[in-house]
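Just so it is clear, none of the values below were taken in a lab; they were calculated from the coordinates. Please read all numbers here as calculations on a predicted model, not as lab measurements. Cβ placement follows ideal geometry from the backbone for every residue including glycine, while neighbour counts extend to all protein chains displayed.
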Amino acid sequence: WNERINRATGNSLPALEHTSNMTRPRPVRASLLALCLLFSGAEAFSIPPPESLGSIQNVLSADPASIQHAFEQLSTSTTSIAASAGMDILSAYRNQLAANPLQTKMITGATVACLGDALAQSRDIDHPYDRRRAVSFMTFDACYRWLQHEVYPALVEHFHGQYIGGFVAAIPPLAHAAKVAGEASGTDPTFIYSTMEQTLSSQLGVVPFIYYPVFYTITGLLQHLTPSQTVERAKETFIPLMKRNLLFWIPVQFVQFGFVEESLQIPFITVCGLVWTVILSVMAGGAPKKEHT
């Protein structure tokens with residue numbers, strides 16, 4: 001190789017010795033070299049320019065304290081860039097949510113559903129990616145976000161803790177205990193009652209009677225299941241799913257109704273729903289492996 005370069009350029013380069021003991025760059029020095037190359041375009045991102053670190057040779061021969069200082073500078077600048085970018089994205093999303101709330105919620109739900117189903121399908125390495133199944137999850141989640149957009153404000157409007165509060169007030173010892181607990185924690189019991197009512201009305205009303213019927217219907221249609229297959233899948237998976245649903249969603253929705261502002265509640269549960277979509281897809285995502293008769 002060197003001889004070819006010598007013939008082409010007229011220069012004289014020393015021949016390489018083909019030995020198994022050829023000197024190789026140490027991993028640390030190779031990493032530092034890559035770091036210096038990264039610095040060459042880092043000034044545009046407010047990262048200290050390379051001249052602040054000296055030449056490449058100086059960096060490679062620097063003492064450990066100087067190397068650590070260089071890495072700390074890079075880490076600080078990178079964290080600052082990431083935080084700034086994250087704030088810009090969140091701000092843009094909130095603006096879009098304010099301008100087009102329903103469309104934004106539906107697109108967010110469909111995107112997260114597609115990602116969750118893909119994670120679930122990746123567990124089964126023996127079968128190819130099922131696009132029809134992914135589309136069914138995206139369609140269902142987008143439709144359900146529309147339903148939540150209409151239903152959740154009604155839950156917040158109509159459930160203010162009056163039912164649980166009335167029940168507690170009817171039992172003097174329980175009412176006294178709730179008052180003492182509220183004074184000790186500095187929390188208004190009405191806040192707890194209203195959050196519990198909204199959470200339970202969603203989990204014991206909307207989920208079993210609207211969420212799952214819509215889920216089984218839409219995914220069954222888009223996966224070309226017969227009505228009997230759809231019903232059979234519901235029979236096999238509804239009870240196990242409902243148990244996991246209550247364990248997962250009651251704490252999540254308590255936080256949602258109690259601590260998240262109303263305009264961000266659906267995006268909040270959509271992001272939390274990524275984990276739930278994986279569970280749902282694993283347990284009831286695919287069509288039954290049965291022969292059509």
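Applying 1/(1 + (r/R0)^6) with R0 = 45 Å to the Cβ-Cβ distance of E236 and I171 gives a FRET efficiency near 0.65.
Using equal-weight Cα scatterers in the Debye expression, the normalised intensity of the stretch 194-293 in log10 at q = 0.10, 0.11, 0.16, 0.23 Å⁻¹ is -0.31, -0.38, -0.73, -1.24. Close Lys pairs in the stretch 134-293, defined as Cα atoms under 27 Å apart and 8 or more places apart or on different chains, number 5.
Report note on the peptides 256-264, 268-276: ranked by the mean count of other C-beta atoms within 10 Å, highest first, their order is 268-276, 256-264. Taking the Cα centre of the stretch 182-293 as the origin, how large is its charge dipole in debye, to the nearest 20, when only Lys and Arg (+1) and Asp and Glu (-1) carry charge on their Cβ atoms? Using only the charged Cβ atoms, the result is roughly 640 debye.
Stretching V180 away from A118 to a fully extended chain increases their span by 17.4 nm, per 0.36 nm per residue minus the current alpha-carbon distance. If you take all C-alpha pairs in the stretch 125-253, what percent of them are over 25 Å apart? Cα-Cα pairs of the stretch 125-253 separated by over 25 Å account for 43 percent. Remark: spin-label model distance V156-L264 equals 1.2 nm, labels positioned 7 Å along the Cα→Cβ axis.
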